[in-house]
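Only one structure is covered here, and it is reproduced in the block below.
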Amino acid sequence: MPDQWYMAPEYVTRGRFSNKSDVFSFGVLILEILTGQRNSFFSDSTGSTDLLGRAWRHWTNGTLLEIIDPSLGGQYERGEVMRCAQIGLLCVQEAAADRPTMTTVVLMLSSHSVALQDPSRPAFFAGHSREHLNVQNRNTDSSSTSTSEGLLPPYSLNDVSITELGPR
């Protein structure tokens with residue numbers, strides 16, 4: 001069953017689908033498996049509102065192992081978990097062009113000889129993307145009320161909907 005939390009932000013905001021959209025969804029799945037949590041709105045002591053934001057915050061602070069699924073009881077190879085988390089974060093990067101292809105993801109997962117890049121900030125499904133905020137700030141500074149082509153105005157969770165079709 002499709003879930004809005006797996007959709008690539010460029011598809012949701014601009015209706016653009018590409019081979020990197022599936023990579024985004026796969027990255028979300030990796031992070032969900034590692035943490036034992038779904039990518040949906042939740043609140044914790046750090047104020048994070050989604051799994052991607054929480055994983056990114058812990059990655060940048062060097063505390064990623066703190067959010068690994070506690071039901072694993074610490075019975076995992078730390079290096080493997082960190083590598084998988086890094087791959088997951090590479091898959092959910094904000095810019096679709098920065099995300100690896102699925103072929104590269106398979107290679108990264110199957111070979112330890114492949115060096116991984118440091119991920120950049122992930123896309124956030126809810127709220128604003130960095131791109132939208134920058135355009136909005138430029139428009140505000142120039143006293144313009146229009147938005148750039150291809151970008152939608154801010155939205156709330158109540159403004160976003162999904163239609164799910166099922167067999168009869």
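Got at least one residue in the stretch 84-95 being more than 14 Å from Val28 (Cα to Cα) and part of a helix (DSSP H, G or I)? No, the stretch 84-95 contains no residue that is more than 14 Å from Val28 (Cα to Cα) and part of a helix (DSSP H, G or I).
Would you call Arg99 in contact with a Cys (Cβ under 7 Å, 6 or more places away or on another chain) and on the phi < 0 side of the Ramachandran plot?
Judged against the criteria, Arg99 is a match.
Within the stretch 62-83, the set of residues being in contact with a helix residue (DSSP H, G or I) (Cβ under 7 Å, 6 or more places away or on another chain) and either of a type in the set (Asp, Glu) or assigned to a helix (DSSP H, G or I) (or both) comprises Leu64, Leu65, Glu66, Ile67, Asp69, Arg78, Val81, Met82.
Let's see how each residue does on (1) at pLDDT 85 or above; (2) surrounded by 16 or more Cβ atoms within 10 Å (Cβ to Cβ); (3) under 10 Å from the mean Cα position of the chain (by Cα); (4) more than 13 Å from Ala123 (Cα to Cα):
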{"residue": "Ala8", "(1), (2), (3), (4)": "no, yes, yes, no"}
{"residue": "Phe17", "(1), (2), (3), (4)": "no, no, no, yes"}
{"residue": "Ile33", "(1), (2), (3), (4)": "yes, no, no, yes"}
{"residue": "Ser43", "(1), (2), (3), (4)": "no, no, no, yes"}
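This table checks each residue for (1) surrounded by 17 or more Cβ atoms within 10 Å (Cβ to Cβ); (2) touching a residue at least 24 places away in the same chain (Cβ under 8 Å); (3) closer than 18 Å to Arg38 by Cα; (4) acidic (Asp, Glu).
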residue	(1), (2), (3), (4)
Gly53	yes, yes, yes, no
Gly62	no, no, no, no
Glu66	no, no, yes, yes
Pro70	no, yes, yes, no
Arg78	no, no, no, no
Ile87	yes, yes, yes, no
Ala97	no, yes, no, no
Thr103	no, no, no, no
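The values are calculated or read from the model by the stated rules, or taken from the named source; none is laboratory data. Quick caveat: nothing in here was measured; it's all calculated off a predicted structure. Please note: Cβ atoms are built from the backbone with ideal geometry, for glycine as well, and neighbour counts cover all protein chains shown.
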